[in-house]
1. Condition check: modelled with pLDDT under 95, of a type outside the set (Phe, Trp, Tyr) and out of contact with any strand residue (DSSP E or B) (no Cβ under 8 Å at 6 or more places or on another chain). Does LEU1 satisfy that?
2. Scan LYS88, LYS133 and give me the residue that is over 20 Å from the mean Cα position of the chain (by Cα) and part of a loop (DSSP other than H, G, I, E, B).
3. Quick one: in the stretch 59-79, which of the residues that are within 18 Å of LYS133 (Cα to Cα) and of a type in the set (A, V, I, L, M, F, W, C) is most open to solvent (accessible area, probe 1.4 Å)?
4. Considering only residues that are touching a residue at least 12 places away in the same chain (Cβ under 8 Å) and either among the aliphatic types (A, V, I, L, M) or touching a His at 6+ places or on another chain (Cβ under 6 Å) (or both), look in the stretch 112-137 and name the one that is farthest from GLU72 (Cα to Cα).
5. Tell me, which residue of the stretch 85-126 that is of a type in the set (S, T, N, Q) and closer than 21 Å to PHE40 by Cβ is most open to solvent (accessible area, probe 1.4 Å)?
6. Every residue in the stretch 27-40 that is surrounded by fewer than 19 Cβ atoms within 10 Å (Cβ to Cβ) and part of a helix (DSSP H, G or I), please.
7. Test each condition in (1) part of a loop (DSSP other than H, G, I, E, B); (2) more than 25 Å from LYS20 (Cα to Cα) for GLY47 and report the one that comes out false.
8. Of the residues ALA56, ALA82, only one is surrounded by 17 or more Cβ atoms within 10 Å (Cβ to Cβ), modelled with pLDDT under 95, out of contact with any Ser or Thr (no Cβ under 6 Å at 6 or more places or on another chain) and assigned to a helix (DSSP H, G or I); which?
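The values are calculated or read from the model by the stated rules, or taken from the named source; none is laboratory data. These numbers were taken from a predicted model, which means no experiment stands behind them. Note: ideal-geometry Cβ built from the backbone for every residue, glycine included; neighbour counts use all protein chains shown. Accessible surface is based on the protein model in full, side chains and every heavy atom, while ligands, DNA and RNA are left aside. Shrake-Rupley method; radii C 1.70, N 1.55, O 1.52, S 1.80 Å.
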Amino acid sequence: LASGRFSLNLNPPNRDEASKAFEQAYEQGQRKLLLFDLWFEAEYGRGSLERALDVATKALESVVGEEWQWHERRAHVHIAIAYRAGFKIARDSALREIDFAIVELRSAREKSASSIQQQQATQLLDQAYRLRKQVVE
């Protein structure tokens, strides 16, 4: 965990090394919230979206941090994958990813403890619906 954190704090960050270190820490039994936060940051930051999604899933399975935040992060990853797929080139794939994001945002809203968090999830959900509508049209 410390090695991965150090790699992320370099200028510029070495996200590849950080990712390897975080994965090793996880394999060795580390389950701190800090591990998952930094690991997600490393994967998302280096554009490894499928791995970022996997990290968020592992965090949910390990029950670390706020559940709603991990669902929200998973939604962000699905939207990023939709953009990467391209709305004109791979429209069906983009729509599928947006639909996954909508499901995650609904879960985030449901798991939110405060009204501010619920409002944030609702706003993101509205944005996802608008994006879906744009892709369909």
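1. Yes.
2. Values: LYS133 fails: part of a loop (DSSP other than H, G, I, E, B).
The match here is LYS88.
3. We begin by selecting, within the stretch 59-79, every residue within 18 Å of LYS133 (Cα to Cα); these are 75-76, 78-79.
Okay, now just the ones that are also of a type in the set (A, V, I, L, M, F, W, C), so 75, 79.
Numbers: ALA75: 3, ILE79: 36 Å².
Ranking the candidates gives ILE79 first.
4. Among residues in the stretch 112-137 that are touching a residue at least 12 places away in the same chain (Cβ under 8 Å) and either among the aliphatic types (A, V, I, L, M) or touching a His at 6+ places or on another chain (Cβ under 6 Å) (or both), the one farthest from GLU72 (Cα to Cα) is VAL136.
5. Checked the stretch 85-126; the qualifying residue most open to solvent (accessible area, probe 1.4 Å) is GLN120.
6. Listed by number, the residues that qualify are GLU27, LEU33, LEU34, ASP37.
7. (2)
8. On the way: ALA56 fails: modelled with pLDDT under 95.
When all the criteria are applied, what remains is ALA82.
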